[in-house]
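Each reported figure results from applying straightforward, stated rules to the coordinates on display, with no laboratory input. These numbers were taken from a predicted model, which means no experiment stands behind them. Virtual Cβ from ideal backbone geometry, glycine too; neighbours counted across all protein chains shown.
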Amino acid sequence: MVSQPDLSVNIGGLKIKNPVITASGTFGYGNELIPFYDPSLLGVIIVKGLSIQPMPGNPPPRIIETPCGLLNAIGLANIGIETFIEEKLPSLVKIKTPIITNIYGHSIKEYAEMAKRIESVDRIAAIEINISCPNVEKGGMAFGTDPDAAARVTDQVVKNTTKPVIVKLTPNVTDVSIIAKAVESAGAQAISVTNTFLGMAVDVATRQPKLTNIIGGLSGPAIKPMALYLVHKVVTNVKIPVIGVGGIMDYQDALEFIIVGASAIQVGTANFINPKTAIDIVRDLTDYCLKEKVSNINQIIGSLKTNGENYEKSGDKKNK
């Protein structure tokens with residue numbers, strides 16, 4: 001009898017049964033896709049981003065399909081952390097896989113307060129910090145574009161929880177590795193790479209932006225090559241686990257991220273196309289490991305071959 005491959009990985013102290021995670025904002029509050037399959041089969045579920053107070057988000061239209069992608073300007077609409085804990089979390093008890101909350105705030109104090117409220121909730125296994133939101137104390141600049149601000153947010157969350165802290169980076173910076181090293185130094189146990197790329201779309205008939213917010217975040221297959229590069233760049237600059245995010249549509253996409261060094265991956269926009277994408281990837285990764293005689297998926301993580309040459313630590317150029 002052929003033994004099943006071990007797909008379990010460790011993400012900042014959180015051991016999960018397989019490396020397939022649902023990306024925040026694409027899996028609702030954790031139970032919306034139960035009619036399609038058992039979410040317990042996934043490695044982790046990350047729920048929709050949460051804030052201290054409920055947020056209505058941006059007015060519609062706030063989602064636009066683009067070639068090979070999706071532009072969204074949802075505006076982080078959510079029900080708030082307390083309503084989630086009281087009304088949504090109880091329904092997730094039967095899901096036998098870790099639940100991670102993605103959090104955001106408009107000040108460092110708000111991030112710290114969110115961590116405090118989550119700390120006492122046993123069902124929440126870890127916290128993912130969204131640092132792509134505007135810092136109202138600095139005129140709307142995103143926390144994730146400034147190493148010091150990103151580090152300070154991370155530090156305050158880490159100090160107010162014993163749960164693993166994952167920081168989700170924005171790609172909209174000159175050098176993502178600088179931000180990655182800053183949050184690692186501040187105590188992050190893992191890093192998610194990457195959030196959406198800024199973009200826009202215009203209606204040529206009306207000459208108006210297709211999104212009410214004008215600018216949105218681009219996700220989907222269009223960003224995969226860029227996201228893959230950013231994962232590679234971060235992996236070569238930090239020692240903590242990296243979770244690959246961006247345009248993953250099937251197990252082959254997932255493997256690309258794993259081979260360049262991601263310890264796990266997140267499935268996002270693909271959930272809107274095929275709600276069963278994440279579970280299909282779990283199945284196909286198992287089949288791949290069986291076919292390739294890989295007994296443990298950790299054997300594949302960081303197995304990138306470069307024709308006998310190694311990339312420099314910066315991840316930008318090959319050694320000469």
Stokes-Einstein D (µm²/s) once Rh is taken as the Kirkwood radius of the stretch 48-123 over alpha-carbon pairs, at 10 °C in 1.306 mPa s
113
Computed, not fitted: 222 nm per-residue ellipticity of the chain from DSSP H runs ≥ 4 (each -39500 (n - 2.57)), nearest 500, equal to -7000 deg cm²/dmol
Over the stretch 149-202, what is the relative contact order in whole percent, taking alpha-carbon pairs under 8 Å and six or more residues apart?
44
By a straight-distance test (C-alpha under 13 Å), which aspartates and glutamates pair with residue 224 as possible cross-link partners, with residues fewer than eight away in the same chain excluded?
250, 253, 256
List, in the order given, every pair from 233/276; 116/233; 163/233; 239/291 whose Cα-Cα distance in the structure shown is over 28 Å.
233/276; 116/233; 239/291
Please state, as a whole number in µm²/s, the translational diffusion coefficient that the Stokes-Einstein equation yields for the stretch 43-91 at 25 °C and 0.890 mPa s, with Rh defined as the Kirkwood radius across alpha carbon pairs.
197
Given the Cα atoms of the stretch 177-320, and with Rh set as the inverse mean 1/r over their pairs in the Kirkwood sense, what is Rg to Rh to two decimals?
1.04
Can you tell me the FRET efficiency between residue 305 and residue 68 if r is taken as the Cβ-Cβ distance and R0 is 22 Å, rounded to the nearest 0.05?
0.20
If you average the sequence gap of Cα pairs under 8 Å that are 6 or more apart and divide by the length of the chain, what percent do you get for the contact order?
19
Rule-of-thumb Rg ratio for the chain [Cα; 2.2 N^0.38 Å; N residues]
0.96
How large is ³J(HN,Hα), in whole Hz, for each residue of the stretch 51-64 in order, when computed from phi with the Karplus curve 6.51 cos²θ - 1.76 cosθ + 1.60 and θ = phi - 60°, using x for Gly and Pro?
10, 5, 10, x, 10, x, x, 7, x, x, x, 10, 9, 9
